[in-house]
Amino acid sequence: MNLEPPRNGESASVASLTFDRALEELQATVAQLEAGGQPLEEAIALYERGVALHEHCARLLAEAELRVKRLVERAGGALEAIAEPAGGVDLESR
């Protein structure tokens, strides 16, 4: 599997990527930046793509979280019933 982020003009837009593919590309982009050796303009382009990929992943995660909350609410369950309580409080004893 090729984890290198696509170059300008050869990739679909970030918005069309699935979460998993965007995360793979983000990890590859970070690895490239950490390895260094790119000319300044290429490093800046990689950084910009990394920011776009991060924002896309964060948005997809927020949407997924909202969908799960709505499903739980629709099923009549309390969100606390599926989340681990802070401090180990037993929800059954409330």
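Descriptive notes on the structure:
- The distance between label points at residue 15 and residue 69 comes to 2.4 nm (points 7 Å beyond Cα on the Cα→Cβ vector).
- Packing-based exposure ordering (other Cβ within 10 Å, fewest first) of 25, 55: 55, 25
- Here the gap between residue 62 and residue 45, fully extended at 0.36 nm per residue and compared with their Cα-Cα distance, gives a gain of 3.5 nm.
- Here 18, 29 are placed in order of increasing Cβ neighbour count within 10 Å, fewest first, which gives 18, 29.
- Neighbourhood charge, 13 Å Cβ-Cβ cut-off, centred on residue 14 and excluding it, Lys, Arg +1 and Asp, Glu -1: -1
- Residue 63 sits among other residues whose Cβ lies under 15 Å from its own Cβ, and their net charge, with Lys and Arg +1 and Asp and Glu -1, is +1.
Any read-out appearing in this document is the output of simple, stated calculations on the displayed coordinates, not a laboratory observation. Here the structure is a predicted model, which is why all the values come from computation and not from measurement. Neighbour counts run over all protein chains shown; Cβ positions are idealised from the backbone, glycine included.
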